[in-house]
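The values are calculated or read from the model by the stated rules, or taken from the named source; none is laboratory data. Just so we're clear, the structure is a prediction, and the values are computed from it rather than from any experiment. All Cβ positions, even for glycine, are placed from backbone atoms using ideal geometry, and neighbour counts span all protein chains on display. Note: accessible area is taken over every heavy atom of the protein model, side chains too, but ligands, DNA and RNA are not part of it. Shrake-Rupley method; radii C 1.70, N 1.55, O 1.52, S 1.80 Å.
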Amino acid sequence: IASPTHYKIKPLETIDVALEGVRSTLEISKMNKAKFLFTSSSEVYQTASVIPTPESYVGAIASNNERSCYDVSKLMAENYVYVYSNNYDVDACSVRIFNSFGPGIAEKDSRILPRIASASKSGKVISIYKTKYLPKRTYCPTANTIAGIFKALLNGKKSQIYNIGMSKPEISVDELIDIINKTLNLKIKYQFIQPTSVYMSEPLRRCPDINKAIREIGYFPEVSLEKGLKDFFGWTDLVYAGIDH
């Protein structure tokens, strides 16, 4: 469950998927001498003070807010991977995914790109959460994410962690909408509103340093943001209904 709106509603299920799911599948990998890959998240960095953020950066994750069920359980699951690799000889590694998007995301997911696509379909103004600052992200087309996952599965070193995402452009949501409008010749309009509680503690910046992944597993994001947006909006135009968020 990667959407803050949804893991706020199901915090225990979110924790169980990460911890019970990863522990169980690591046991299966141990018994069958199978290679194991865990898909973690850029959320483990929280608001990083080093941008672009390397895998060596140690974030400071709060254990007592509405995002903690996702963030903390991802980090603990990474430690499971480390323990099984080093103590039980499981060939396991982790990837930290940065804001991946593409065809297949449910319209009710509530993250920003499906919300933008839904607003585009309905013609309604989209509301953007804003406090003092507008958070900035790099957005990674799913094709790049999947390529990185398979590169890590095939070439990843035991117990290592790899950032999988795009190191640029790092943009705010209003800048993302401007790029969408320009790339797809759309006229999506937006307004700023106060964020809901679960978004109050979201990281201000997410931008990966992907040099380790390039060097060790041969990962490189070949699909541009603009091409990814064309693919995504081409799909949502066929599938989305333009629901209220």
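The table below gives the values:
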read-out	value
Subset of segment 129-144 (residues that are under 12 Å from the mean Cα position of the chain (by Cα) and open to solvent by less than 10 Å² (accessible area, probe 1.4 Å))	Thr138, Cys140, Pro141
Residues of segment 126-161 satisfying the condition of being over 30 Å from Ser85 (Cα atoms), at pLDDT 95 or above and assigned to a loop (DSSP other than H, G, I, E, B)	Thr138, Tyr139
Number of positions in segment 55-76 that are in contact with a strand residue (DSSP E or B) (Cβ under 6 Å, 6 or more places away or on another chain) and either surrounded by 23 or more Cβ atoms within 10 Å (Cβ to Cβ) or among the aliphatic types (A, V, I, L, M) (or both)	1
Candidate set from segment 188-213 (those that are part of a helix (DSSP H, G or I) and surrounded by fewer than 16 Cβ atoms within 10 Å (Cβ to Cβ)); member that is modelled with the highest pLDDT	Asn211
Hey, Val90 part of a loop (DSSP other than H, G, I, E, B), modelled with pLDDT of 95 or more and surrounded by 16 or more Cβ atoms within 10 Å (Cβ to Cβ) or not	yes
Test result for Phe220, out of contact with any Pro (no Cβ under 8 Å at 6 or more places or on another chain), of a type in the set (Phe, Trp, Tyr), buried (at least 18 other Cβ atoms within 10 Å of the Cβ) and modelled with pLDDT of 95 or more	no
Those residues of segment 1-47 which are open to solvent by less than 50 Å² (accessible area, probe 1.4 Å), of a type in the set (A, V, I, L, M, F, W, C) and either in contact with a Gly (Cβ under 8 Å, 6 or more places away or on another chain) or in a helix (DSSP H, G or I) (or both), in sequence order	Ala18, Leu19, Val22, Leu26, Leu37, Val44
